[in-house]
1. With the condition being touching a residue at least 24 places away in the same chain (Cβ under 8 Å), I'd like the helices (runs of 4 or more DSSP H) fully within the range A:127-243 carrying at least 1 qualifying residues.
2. Among the listed residues B:92, B:123, identify the single one that is over 21 Å from the mean Cα position of the chain (by Cα) and either modelled with pLDDT under 95 or on the phi > 0 side of the Ramachandran plot (or both).
3. Does residue A:168 satisfy the condition of being touching a helix residue (DSSP H, G or I) at 6+ places or on another chain (Cβ under 8 Å), buried (at least 19 other Cβ atoms within 10 Å of the Cβ), at pLDDT 90 or above and within 11 Å of chain B (Cβ to nearest Cβ)?
4. Considering each of A:190, A:151 in turn, give the residue that is within 13 Å of another protein chain (Cβ to nearest Cβ) and out of contact with any strand residue (DSSP E or B) (no Cβ under 9 Å at 6 or more places or on another chain).
5. Considering only residues that are at the interface with another protein chain (Cβ under 8 Å from one of its Cβ atoms) and touching a strand residue (DSSP E or B) at 6+ places or on another chain (Cβ under 8 Å), which ones fall in the range B:79-96?
6. All but one of (1) within 13 Å of chain A (Cβ to nearest Cβ); (2) surrounded by fewer than 16 Cβ atoms within 10 Å (Cβ to Cβ); (3) within 22 Å of the chain's Cα centre (by Cα) hold for residue B:70, so report the exception by its number.
7. Considering the range B:177-196 alone, what residues qualify as being surrounded by fewer than 19 Cβ atoms within 10 Å (Cβ to Cβ) and more than 18 Å from residue B:229 (Cβ to Cβ)?
């Protein structure tokens, strides 16, 4: 690949991000001007806690996605192991596909009644639980191919060497699965981070995540704030992607 | 002493082990010869506590093992594959059992280094499992089992995946270490020669039943072990060479 093609490709990939960044600091952009007429950081000052409260949305989204990804990854890792070694493995695994037979929004509509009764409607806990309905089965499906007879034998070996089930997890299974756990965590974080329909329906606007704010600004045709929110929306996944590459891919890949 | 009385095990209505009884004296190695599917692995897994018997009694030095979980039996089960922990180096793989028991660092270093020396692995201490040969991996697996001084060691065709030369040297090494450390062990194999070489006593497993032989001669005399057939083959081959 020539140097020019490389630069062109990188430029092509980076253009949408650069464009969003430019829009976020722009004001007054009448047609046919190539660039906005005014440049200001006032939109970004909103992040630090203006009336728009975008800073709170960032914190809320980070907290929600980290919680969802952590809970789902841990829980699905443990449950998938039990499913993998169960005599009726296929039947249990097919249940994990159930939430994906419907769209997440339809699933949310089905769950709505129960969330109202439980007092979880329009709460942070409600949205977290609702997102788990999507991310937990995804995690189970993700880890279903991870477990095999070799790992099972290793687990048995730990026991005959005197280890408890907890020690088998802590000293062998989790370290061996480190790469898979990180990848699953990253994917589940992204699912939660960009989730819109289910969050909107169960949160009823009272849990304003960053993704909801982007849609809100787009609906209001506020392109400058929408661009700013989009920039913020991209930052955490990019940071996580960098961390994933730095931690997982530099380390030894283990079976 | 390990005392096994009338062990029975069924899978989906099919008997895998039938009224199996035998005793294993302390510091003795029992070789069990048997074809695939004869129930050898099931027997070892029941002894290790990884599976449960439908009926029967397991006594180790007079203690009933049935209610004792696998991690408290002191019986280590070794697989055909070395199953070294891929995230740990050779030293840490061998030290694994001691770390589980939270032993002091000085004791761990002393014991592991001594064992690595005995297993001819001192140069490999800081290598990762994928940097080792098949024979070296199996030696590390032995070290990992021996470091905790197991009451009984169960070996399920441990040399099955090794080439002939490595297999021979591993047999000699295990025999020597077993003698030095006074191991109590059951060695399961489908290789006739290996069974005869490794065992102080010999047994033959067929259709879920185990026959223990009183002596080597008795084992050879039994047609079902295949020892006589094997001997005849080599004698015939030898005669054929002489006539040519």
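1. Filter on the range A:127-243 gives A:149-160, A:178-193, A:197-203, A:210-219.
2. B:123
3. Against the criterion (touching a helix residue (DSSP H, G or I) at 6+ places or on another chain (Cβ under 8 Å), buried (at least 19 other Cβ atoms within 10 Å of the Cβ), at pLDDT 90 or above and within 11 Å of chain B (Cβ to nearest Cβ)), residue A:168 qualifies.
4. A:151
5. Across the range B:79-96, the qualifying residue is only B:79.
6. Evaluating residue B:70 over (1) within 13 Å of chain A (Cβ to nearest Cβ); (2) surrounded by fewer than 16 Cβ atoms within 10 Å (Cβ to Cβ); (3) within 22 Å of the chain's Cα centre (by Cα) leaves (2) as the failure.
7. Of everything in the range B:177-196, those that are surrounded by fewer than 19 Cβ atoms within 10 Å (Cβ to Cβ) and more than 18 Å from residue B:229 (Cβ to Cβ) turn out to be B:177, B:179, B:180, B:181, B:182.
To keep it simple, each residue is scored yes or no on (1) assigned to a loop (DSSP other than H, G, I, E, B); (2) at pLDDT 90 or above; (3) in contact with a helix residue (DSSP H, G or I) (Cβ under 6 Å, 6 or more places away or on another chain).
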position: A:15; (1), (2), (3): no, no, no
position: A:50; (1), (2), (3): yes, no, no
position: A:63; (1), (2), (3): no, yes, no
position: A:72; (1), (2), (3): no, yes, yes
position: A:76; (1), (2), (3): no, yes, yes
position: A:80; (1), (2), (3): no, yes, yes
position: A:91; (1), (2), (3): no, yes, no
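The values are calculated or read from the model by the stated rules, or taken from the named source; none is laboratory data. Model, not experiment: these values are computed from the prediction. For neighbour counting, all protein chains shown are included, and Cβ atoms are generated from backbone atoms with ideal geometry for every residue, glycine included.
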